[in-house]
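Structure record follows, encoded as structure tokens.
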Amino acid sequence: MTKNKTFYQNLGLLFLGSFLLLTLSLVIVHFSGKSRFVDCTFCSEKFEKEPKDTWIWIYPGLVGCGKKCPLALEALRRFKEKFPEVKTSFYFLVTDPNESEEDIESYLSYYRKSLNIQALRPETDEEISLYQRLGAYLPVHPSLKKRDEHGTQFFLIPPNRDVLYLIPKLGEKEWLEIQKEIESNTKSQGLMDHVVNFFHFFTK
């Protein structure tokens with residue numbers, strides 16, 4: 001009797017394990033290769049003055065950029081217009097450390113007519129290293145800057161400030177998915193809820 005009970009227990013565990021592995025495999029296949037997030041060890045301190053319930057958008061750009069940046073900043077403006085109830089802050093990550101404050105302010109002044117965006121400079125080696133790894137271009141030669149060669153992705157920091165999402169593009173479909181993530185995030189608690197929200201965020 002005991003042997004039969006042990007057998008069925010082991011069989012049940014085997015089926016459960018197989019089911020979990022199959023589910024995990026399907027999840028990985030479905031969500032891989034889309035968007036992702038990385039740990040952000042400096043985000044809490046860097047944005048400590050931001051309200052705790054604020055979502056932070058960061059776009060890495062070049063001052064004077066006339067190709068990619070205007071389109072990206074317009075996408076952020078439209079996001080804010082579409083979801084005015086979401087508490088958000090917008091930052092333009094200055095990817096050229098040699099830019100003067102005057103040039104930065106002059107460049108952003110046009111966009112500030114419709115979007116409250118602030119300049120953001122990396123201040124530590126840790127910040128610079130992270131942004132470089134994520135594809136935020138930090139020019140080392142003037143000729144590269146002239147070609148507007150820099151990343152086109154967006155970074156999004158949720159209110160918990162623990163991670164930084166990498167978003168390849170920001171279109172209508174992405175807007176709706178981000179809205180689901182924001183709504184879910186305000187209600188969720190605990191690690192499992194965070195994982196579930198993460199999956200919802202990247203559903204396409």
Query raised in the report: Any residue at all in region 14-31 that is in a helix (DSSP H, G or I), surrounded by 15 or more Cβ atoms within 10 Å (Cβ to Cβ) and either at pLDDT 95 or above or more than 15 Å from the chain's Cα centre (by Cα) (or both)?
Result: yes
Query raised in the report: Going by the conditions given, is residue 46 open to solvent by 70 Å² or more (accessible area, probe 1.4 Å) and either at negative phi or of a type in the set (S, T, N, Q) (or both)?
Result: no
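Does residue 91 count as at pLDDT 90 or above and out of contact with any helix residue (DSSP H, G or I) (no Cβ under 8 Å at 6 or more places or on another chain)? If you could, list the steps in order and put the result at the bottom.
Details: at pLDDT 90 or above: yes; out of contact with any helix residue (DSSP H, G or I) (no Cβ under 8 Å at 6 or more places or on another chain): yes.
When the stated conditions are applied, residue 91 passes them.
From the list 130, 115, 73, pick out the single residue that is among the hydrophobic types (A, V, I, L, M, F, W, C), outside any strand (DSSP E or B) and over 17 Å from the mean Cα position of the chain (by Cα).
Details: 130 fails: over 17 Å from the mean Cα position of the chain (by Cα); 73 fails: over 17 Å from the mean Cα position of the chain (by Cα).
Selected residue: 115, the only one of 130, 115, 73 that is among the hydrophobic types (A, V, I, L, M, F, W, C), outside any strand (DSSP E or B) and over 17 Å from the mean Cα position of the chain (by Cα).
Can you pull out every residue in region 80-101 that is under 22 Å from residue 137 (Cβ atoms) and open to solvent by 80 Å² or more (accessible area, probe 1.4 Å)? Full working, then the answer.
The first filter runs over region 80-101 and keeps only residues under 22 Å from residue 137 (Cβ atoms), leaving 90-101.
Those that are under 22 Å from residue 137 (Cβ atoms) and open to solvent by 80 Å² or more (accessible area, probe 1.4 Å): 97, 98, 101.
State yes or no: is residue 173 assigned to a helix (DSSP H, G or I), open to solvent by 20 Å² or more (accessible area, probe 1.4 Å) and at pLDDT 75 or above? Quick ask: steps written out before the conclusion?
On the way: assigned to a helix (DSSP H, G or I): yes; open to solvent by 20 Å² or more (accessible area, probe 1.4 Å): yes; at pLDDT 75 or above: yes.
Yes, satisfied.
The values are calculated or read from the model by the stated rules, or taken from the named source; none is laboratory data. These numbers come from a predicted model, not from an experiment. Don't worry about glycine lacking a Cβ; one is built from the backbone with ideal geometry, like all the others, and counts go over all protein chains shown. What goes into the accessible areas is simple: the full protein's heavy atoms, side chains included, and nothing from ligands, DNA or RNA. Shrake-Rupley method; radii C 1.70, N 1.55, O 1.52, S 1.80 Å.
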